1. Scan the range 203-227 and report the pairs whose first residue is without any contact (Cβ under 8 Å) to a residue 60 or more places away in the chain and whose second residue is surrounded by 12 or more Cβ atoms within 10 Å (Cβ to Cβ) and not in a helix (DSSP H, G or I), with Cβ atoms within less than 6 Å and a gap of 6+ or a chain change.
2. Pick out the one residue from V127, V106 that is at pLDDT 80 or above, over 60 Å from the mean Cα position of the chain (by Cα) and closer than 16 Å to A150 by Cβ.
3. Taking the residues in the range 210-232 that are of a type in the set (V, I, T) and farther than 17 Å from T259 by Cβ as candidates, determine which candidate is modelled with the lowest pLDDT.
4. Would you tally the residues in the range 320-361 being modelled with pLDDT of 85 or more, assigned to a helix (DSSP H, G or I) and either of a type in the set (V, I, T) or surrounded by 12 or more Cβ atoms within 10 Å (Cβ to Cβ) (or both)?
5. Any residue in the range 301-316 that is in the same structural domain as L285 (by TED's automatic domain parsing) sitting within a Cβ distance under 7 Å of a residue that is in a helix (DSSP H, G or I) and polar (S, T, N, Q)? List the pairs, counting only those 6 or more apart or interchain.
6. Only one residue in S134, S141 is hydroxyl-bearing (S, T, Y), part of a loop (DSSP other than H, G, I, E, B) and either farther than 23 Å from T75 by Cβ or touching a strand residue (DSSP E or B) at 6+ places or on another chain (Cβ under 6 Å) (or both). Which one?
Amino acid sequence: MTTTPPRFGRRFSLQVKLVSILLVVVLIPLAASAYLINGVSELAVNFAASEAKARNESMQRALGAYRELIETKKTYLSELARRIAQDPAINDAHALDRILNAEPEVARLALIDRDGRALTHVERPLVPGTEVRSVKYPLASGGSIEVGTALPAGLIDDYRKLAESLAAAKAVAANRRALPLSVSLSFVALVGACAIAAIVLGGVAAGRVTRRIAALVEVARAVSRGQGDARGRLRGSDEVAELGVAFDTMLDAVSRHRTEIEYLQRIGAWQDVARRLAHEIKNPLTPIQLAVQQCVSSYGGDDARYRRMLTDTGEIVEEEIASLRRLVDTFRTLGQLPRVEAAPVPLRDIVEELGLDPSLSDRLVVRAPDSPLRVRADKLLLKRVLVNLVENGVHAGQEAGKPGAVTVTWRQVGDHAELTVDDEGKGVAADARDRIFEPYVTTKTTGTGLGLAIAKKIVLEHGGTLEVDPIAAPTGGARFVLTVPIAS
């Protein structure tokens, strides 16, 4: 029964969630900065207003003192000019000298005719840093009298500037706005632009991430539907690409393990069949052989032709029974494979023991690495695998018309030892590489096709692999690649 993977409902996609989170992350510091800027600005405004208010009273008193001084001087000069104008003796410089000496506040006196020209004038030396300010009063006889007094230089300008400063201070004290409207609008525009940029960039980045994650999800669903060759194959160098590579690697491992499990299940079924066949075939062989032998030996007639027929029949039966016994032995071997009992063992020792077989010693070429290598294996079973591969290589080379030399090499690859067995045969066709390890499939003219199946089963139970390399061996024939775990 096929189980449909659950589809969890979702209100918002991952892309929307990522964009929302990015938007919040962008807006929080902007809003916080706006709040802080406004608070600091209000604090500065309040402080400035308080300071301005505290100084307004002093500036107001100083401005009143200036105004009072100026008005007092102006009133005094106007009154003095009026009194002088009423004096009928004011007509020459002597009279002006007399008045000038009598009035210490007066710094200048002058008679002005009807046309505004000075007829005569007298004045006292000015103290440095002062200047003369005058008023005019009309005379009864026509013209006017000009009366001047000494005032600090720039008094009027200082008064005007003080008045302007007081007006500015009052404006500051009356201001209650933290930031001008233009500044506030500019900041709002900046925040809006940043938010839009965050949405756009976040949408693009999140879309790129979610599309690749969606691709991995689709691959996972395809695998769950039975498409074992589906892969993500994501490009890039970021974490999502690394996730895709790890995901594909996991799928490769799952597919490989699934293939191995299916293979072991098939071999297990063949083992059960082989045990039953060996039992069923072996039992009648001996009675058949004895019956035929008895028939041949019990004939006492003198018919030579009939006797020759019996003899030929006995020989044929004997030959076929011997062939069936060999087949039964093969069945018994497949059905009674011992359990793997792995232990650390030097790989060189296993390979060198192959040379003790006289039929293999002249054809076996061993190329061992410089450093010793220990594998975790069942020595007898692993040796059996290597004997099978070497014998197959010798037969393949001889069938190709060559001496049948076989080269065995090994090296460490990661946490496994990789052994290669190269022969001089015709190689293995591409369409036969996947089937050559199936029971009763063989490329040799002789044999039952069970040797490689038994060898692969033993290797898989060791936690290794046994494959035919798609690239031909340097010797011109097939290359079988065997891996076995390294002993820790």
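The values are calculated or read from the model by the stated rules, or taken from the named source; none is laboratory data. These numbers come from a predicted model, not from an experiment. Cβ sites come from the backbone with ideal geometry, for glycine too, and all protein chains shown count toward neighbours.
1. As it stands, the answer is R212/L234; A215/G232; L216/G232; V219/A230; V219/G232; A222/A230; V223/A230, since those pairs meet every condition given.
2. Working: V127 fails: at pLDDT 80 or above.
On inspection, the qualifying residue turns out to be V106.
3. Initial filter on the range 210-232 (of a type in the set (V, I, T)): 210, 213, 217, 219, 223.
Subset that is farther than 17 Å from T259 by Cβ: 210, 213, 217, 219.
Details: T210: 75, I213: 78, V217: 79, V219: 80.
So the residue we want is T210.
4. 9
5. G314/Q293
6. Values: S134 fails: part of a loop (DSSP other than H, G, I, E, B).
That would be S141, the only listed residue that is hydroxyl-bearing (S, T, Y), part of a loop (DSSP other than H, G, I, E, B) and either farther than 23 Å from T75 by Cβ or touching a strand residue (DSSP E or B) at 6+ places or on another chain (Cβ under 6 Å) (or both).
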